[in-house]
Amino acid sequence: MAKGKKPNTFIGVPSGGGIHMSDSKKKKWTVVDTIIVIVVLAAAAAGFKMMSNKIWGGTETKITAQILIPNQNKALGDAIQGAIGEEVTLSLTEKDSGVIKDVKVEPASVMVYDSMKGEYRLQELEETVDITATVEVNVKETDYAFMAGSTAIKVGNATPFRGKGYATEGNVIVIEKEGK
């Protein structure tokens, strides 16, 4: 290429219908551009801070949660009943824990339809129990849930339930906040 000549490069169609690169002017960064970037970053940081307080922040409190663990074998019921006063982990990946305060073990039952009588009735399942564990947990109360670490404790949520010698999952059925 000869000295002082611009390369023949095009943006768009190479048949001459495009814009020649040397025709476009480069924009220079100005103080106004810097101020705009700083304002946008500050707004994003403020929004993140407000949302993170609602989701992960909150006030420390203590709750009592009842967790129903349905249709389990009797050995698991006995193991959890023997663990009253011990810590139980309410997470798969972290050490979010609570203390077992009470355990009720009742025969499991299902609703069946009796076609002879034309009615529904409860029928007990053999060798199967429903376990209701009452657990006291230190949590952060947010606008969306009670958080034990990164685990949301909400009524209806499936919650891991792990202790020494057992691991299962149950559903939170009742939450009572301490002092209420």
Across the range 73-87, in residue order, what do the Karplus-derived ³J(HN,Hα) couplings come to in whole Hz, using 6.51 cos²θ - 1.76 cosθ + 1.60 with θ = phi - 60° and x for Gly and Pro? 7, 4, 4, 5, x, 5, 5, 6, 5, x, 9, 4, x, 9, 7
Name the residues whose placed amide hydrogens come within less than 5 Å of the amide hydrogen of SER91, ignoring near sequence neighbours (fewer than 5 apart) on the same chain. ASP96, ARG162
For the range 102-180, run through the GluC sites (Glu not before Pro) and keep only the ones in DSSP coil with at most 13 other Cβ atoms within 10 Å of their Cβ. GLU178
Between beta-carbons, use under 11 Å as the cut-off and find the net charge around PRO107, counting Lys and Arg +1, Asp and Glu -1. -4
Which net charge results when you count Lys and Arg as +1 and Asp and Glu as -1 among the other residues whose beta-carbon is under 12 Å from that of ARG162? -3
Which chymotrypsin sites (Phe, Trp or Tyr not before Pro) in the range 75-180 pass both tests, a DSSP loop state and at most 13 other beta-carbon atoms within 10 Å? TYR144
List the residues, sorted by chain then number, that are 5 or more residues from PHE146 or on another chain and whose placed amide H is less than 5 Å from its amide H. ILE153
Computed E for ARG121/PHE48 - FRET, C-beta separation, R0 41 angstrom, nearest 0.05: 0.15
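Each value in this text was obtained by applying a stated rule to the coordinates, not by laboratory testing. If you're wondering where the values come from, they're calculated on a predicted model, not measured in any experiment. Every residue, glycine as well, gets a Cβ built from its backbone with ideal geometry; the counts of neighbours run over all protein chains shown.
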